[in-house]
1. Given the conditions (1) touching a Lys or Arg at 6+ places or on another chain (Cβ under 7 Å); (2) at positive phi, which single one is not true for H110?
2. For the range 279-293, enumerate the residues that are in contact with a helix residue (DSSP H, G or I) (Cβ under 6 Å, 6 or more places away or on another chain) and among the basic types (K, R).
3. Which members of the range 122-172 meet the condition of being in contact with a Leu (Cβ under 6 Å, 6 or more places away or on another chain) and either outside the structural domain of Q289 (by the TED database) or among the aliphatic types (A, V, I, L, M) (or both)?
4. Helices (runs of 4 or more DSSP H) wholly in the range 302-401 with at least 3 residues that are open to solvent by 70 Å² or more (accessible area, probe 1.4 Å) and at pLDDT 85 or above - which ones?
5. Every residue in the range 125-165 that is of a type in the set (S, T, Y) and touching a Phe, Trp or Tyr at 6+ places or on another chain (Cβ under 7 Å), please.
6. Write out, first by first residue and then by second, each pair whose Cβ atoms fall under 9 Å of each other, whose residues are 6+ apart or on separate chains, and whose first residue, in the range 291-302, is under 20 Å from L279 (Cβ atoms) and touching a residue at least 40 places away in the same chain (Cβ under 8 Å) while the second is open to solvent by 10 Å² or more (accessible area, probe 1.4 Å) and of a type in the set (F, W, Y).
7. Give just the number: which of (1) of a type in the set (A, V, I, L, M, F, W, C); (2) open to solvent by less than 60 Å² (accessible area, probe 1.4 Å); (3) farther than 30 Å from G262 by Cβ; (4) at pLDDT below 90 does A53 not satisfy?
Amino acid sequence: MLQETSYDVMIVGGAMTGVTLALSLSYQTQGKMKIAILEKQVAHHHKQSGFDARCIALSDGSCQRLAQIKLPDSKNLWQLSKHLSTPIKKIHVSDKGHSGLTEFTAEEFHLSQLGAVIELNQMGDVLLKAIKQYPNIDYLSPVEIEQIQLNQEDVKILLKNDRTLTGSLLIGADGTQSAVAKAANISQKCVREYQQTAIITNIKPQQAHQFRAFERFTSEGPVALLPMQDNLMSLVWCVQSPDELIQLDDKTFLKKLQQHFGWRLGKLLECGKRFTYPLNLYQAEQHIQHRIALVGNAAQTLHPIAGQGFNLGIRDVIQLSQHLSALYLKQQDLGSYTNLQVYEVLRSPDQQQIINLTDGLLSIFANNLFPLQIGRTLGLMALAQSKLLRQHFAKPTLGWM
C-alpha cells in the first residue's frame, strides 16, 4: 500500500545549501512550516577527515548570514560553526612572472576576519545536529527518487520504496546535474568551458600561515591556498592538463607546485590525497517554474576563482527563505509561478554581477596576450595603492550585497 506524506516544501539535496535553507525557513516560520529534505547519499558517507579533509571558504557576508539563522536552543548557526573554522585575516593576490600584487586585510575593512575556512564534514555535522532541533524537518537519507510529478495544485515525488511525498513547492538544491531541473525541463546550460581542471588537496607548509589566504594567477589558471587548522592549507590549483600532476609522487608534485606558487610560505612539505574536477560555467535557463525553484549550484555553477560559488548560493538561500516565509505567514501559495517570480527577479542582479566578476577575472588573468599582461600588472598596482579601489573590488567578494 502506498504511503503518502504531505509537506509545505520539499528540498532535493541534503548538503550545506539544502539544509541551510530548511533551517532558515524553520527559523523564520517558528518551526511551523513542514519541510522534507531528500538526500540520495547516506549521511556522512563520502566524507574525508584529518589531512584529507575537504574545505569551503565562507565570506564575511556568509558568516553574518549564518549568524542570522537562530535555533530553538537560542544559538545561531555561526556560533555553532565558528570554533571549527579558521579565520582569513589577510588575502595576498599576485600574478606569476609579473610585478603586480596587492593585499586585502581585515583591519582595513574594520573586520575581525575577511572570511573563514571550515571543513565540509565538520560543517555537515553542525547542520545535521541543528535540524534535529526542529521536529518540522524530515531529513530522508538515503532516498532514491523514481519520479517527480508536477501538477497545477502540487508536486508529487514517488520514491523507490513505494512512498509518495506531496508538497506545494519543490526546491532543487541538488547541484549542477539537478534532478529537479531535469524533471521541470529546465536546461542547465554550459555557458563557458574554461579548459581547466581544479586539483584539490591539503598542503603542509614550512612556515605558519598566520591566517593568510593566497590567490596567485598563472598562465594556466589560478592557484589558491586557504588557511586551515593545524597550520594546513587547502589548495585549489587550476590547470589545463591535470593527468600528469595527479600521477606524480607527493615529493615531485610539491616541487611542481612550489615552482608555480613560490616561497611565501617557505618550503611546501606535505600534501594529502588529490581530487580533481573540471571547471565550466553553468547557468540554469530559468531559476523558477510553477511549483519549482532552484538554488545554489542548481541555479549557477561558477569557476572557483575568488571563492564565490557557495557564498552566492547562500544568498540565494536567504533571499528565497525570506520570501517563502512571508508568503507562508500570509497563507499564500508557496509554489505559484507569480509568487516565485519575485524571488527570481530579486536574485538576478547579484547572480549576474558575480558571474560577470568571476568570468571576467578568468578572461583577464588566464590570458597571455601582452596588452592584458601589462593591464593586469597596472591593475594590481592600482589596487595596492588605492583604498577606495580595494573597497569597491572587495565589496561583492566579501558578500556585502
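The values are calculated or read from the model by the stated rules, or taken from the named source; none is laboratory data. As the structure is a prediction and not an experimental result, all values here were calculated from the model. Cβ sites come from the backbone with ideal geometry, for glycine too, and all protein chains shown count toward neighbours. Surface areas here come from the heavy atoms of the whole protein model, side chains and all, with no ligands, DNA or RNA. Shrake-Rupley method; radii C 1.70, N 1.55, O 1.52, S 1.80 Å.
1. (1)
2. none
3. Those that are in contact with a Leu (Cβ under 6 Å, 6 or more places away or on another chain) and either outside the structural domain of Q289 (by the TED database) or among the aliphatic types (A, V, I, L, M) (or both): V126, A130, L140, V143, V155, I157, L169.
4. Once the helices (runs of 4 or more DSSP H) in the range 302-401 are filtered for at least 3 residues that are open to solvent by 70 Å² or more (accessible area, probe 1.4 Å) and at pLDDT 85 or above, what remains is 337-365.
5. Across the range 125-165, there are no qualifying residues.
6. Note: pairs meeting the criteria are G296/F310; N297/Y282; N297/F310; Q300/Y282; T301/Y282; L302/Y282.
7. (3)
A quick yes/no check of all residues on (1) open to solvent by less than 20 Å² (accessible area, probe 1.4 Å); (2) part of a strand (DSSP E or B); (3) among the hydrophobic types (A, V, I, L, M, F, W, C):
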residue	(1), (2), (3)
F104	yes, yes, yes
S112	no, no, no
N121	no, no, no
A130	yes, no, yes
P135	no, no, no
Y139	no, yes, no
P142	no, no, no
I148	no, yes, yes
Q152	no, no, no
